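Worksheet: one structure, shown below.
Where a number appears in this text, it was derived from the coordinates with a stated rule and is not lab data. What you see is a predicted model; the values in this text were computed from it and never measured. In this analysis, Cβ positions are derived from the backbone assuming ideal geometry, glycine residues included, and neighbour counts consider all displayed protein chains.
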Amino acid sequence: MARRTLASLAVVALLPPLTGCGGLADPPRPRPWPAGSAPSWQWQLSGELDPGVDAQVFVLDPFTTTREQTGPLAPHRFHAPYRRLVCYLDAGRYGPTRPDAERFPPELLGAPVSPADTTGGRAGTDGPPSSGGPTGGDGGPAGADGQPDGVGATGTDGQPGGGATGADGEPDGGPTVADGAPSGGPTGADGQPGGGPTGADGQPGGDGDPTRSGGPTRSGGRPGAGPATAETGGGGRWLDIRRWDLLRPILADRLRLCLSKRFDAVAFGGVDGYRRSTGFPGTADDQLLFNRRLAALAHSLSMSAGLVDDLPQVADLAGDFDFAINSECVRYRECDRLRPFAAAGKPVLHVEFEDTRGDICRDTARLGFSSIRKHRTLDAWRQPCPT
């Protein structure tokens, strides 16, 4: 593992600095996804990578996946318009075993990630934003120039211009991005309309018939754990997403690592901390701003941006992201919340885990989703819905 990580970081070090002005032209726009597509897909974050899976889209861990492994899967090797390599990054949580873990200063680290937080969606209820805990420095909103306060400050490594050295040991120097701003205020207590009661087969009923029951209610929270990652395991911590001045250079270097391994898209997880007990007084507006900044940063590097869960804010964010990944919307009767992506012709990649009962395919196919069933460990096993 050490050799693999060092080799990956060496490749990143060879990439040219990414700047937003002077000398370099604006990067090309990300390759668009075919409108209205429901591509077959695979999400694998553990175990030996199986390149023989019959899928058009692969969602992989950029830290443990090598350039040699992605070579046969890279989009340039195929002419099919659906081929994508997506790197999965947990943007809102800290993983102590990640190779760049030492780059996160203490003021960024909040409450431990609890078992209830390892789900892709609910925090027991659609509860209020978390409160309490330190502010982690200025934590303030973007300044008059549209940039977050403190971006020009000296980084933790003593480098000027916004941050610590990258994962490759080089100064970040990433491009200036349009950070965006939340519009329309925070979502309501429930955010989006619900998907109706679940039928006896585990599918959303949508007709209000109380006899079509089965499965847990959303107000009861998730009984099981979501997908296992380095950030949701032991030692994981929530991050202060208001500190874009500190997080941006770290995240930019992670995206550079993805690019060095032939990934052309990124899926951002851990982006619903405002509904959790993070140890920081984050709000729904803070989350909207952070998530929009993530999408803008990816786009500035010509990468497609995917939103993982955060269902209450989908209506506000569907215009900023290029695709969505959701876990367990069938089990928790929330698939209708993803309609804004489907209505815009953007892919919705949906997964249910092996403990979800019933047919997961019928209603998600009607909505135009691409659905699979997986183990929670997200190993190579997968059971796709028929196309």
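Given H placed on each backbone N at 1.01 Å, which residues far from residue 56 in sequence or on other chains put an amide H within less than 5 Å of it?
So residue 56 has HN proximity to 40, 41.
Mind listing the long-range amide H neighbours of residue 376? Cut-off is under 5 Å, sequence gap 5 or more, other chains count too, H placed in the peptide plane at 1.01 Å from N.
The list, which skips near neighbours in sequence, is 354.
To one decimal place, what orientation-averaged projected area in nm² is obtained for the convex hull of the Cα set of the range 252-387?
Projected over every direction and averaged, the Cα hull of the range 252-387 covers 9.3 nm².
About its Cα centre, what dipole magnitude does the range 291-352 give when the only charges are +1 on Lys and Arg Cβ and -1 on Asp and Glu Cβ, stated in debye to the nearest 20?
The dipole magnitude comes to about 100 debye.
How do the peptides 50-57, 339-346, 315-322 rank, highest first, by the average count of neighbouring beta carbon atoms within 10 Å per residue?
Highest mean packing first, the order is 315-322, 339-346, 50-57.
Using the Cα centre of the range 262-387 as origin and beta-carbon charges of +1 (Lys, Arg) and -1 (Asp, Glu), tell me which of 324, 308, 365 is placed farthest towards the positive end of the dipole.
The one lying farthest along the dipole's positive direction is 365.
Just how many % of Cα pairs in the range 327-387 lie over 18 Å apart, if you round to the nearest whole percent?
30
Describe numerically, in nm with one decimal, the distance between label points set 7 Å from Cα along Cα→Cβ at residue 29 and at residue 74.
Using points 7 Å along Cα→Cβ, the separation is 2.5 nm.
Ratio of alpha-carbon Rg to the 2.2 N^0.38 Å globular estimate for the range 280-341, to two decimals, please.
1.15
Under a 5 Å amide H to amide H cut-off, with H placed in plane at 1.01 Å, what residues pair with residue 238 once short-range neighbours are removed?
Answer set, sorted by chain and number: 94, 110, 111, 113.
What is the calculated FRET efficiency for residue 66 to residue 381, with r their C-beta to C-beta distance and R₀ = 25 Å, to the nearest 0.05?
Details: r = 21 Å, r/R0 = 0.85.
Efficiency, from the Cβ-Cβ distance: 0.70.
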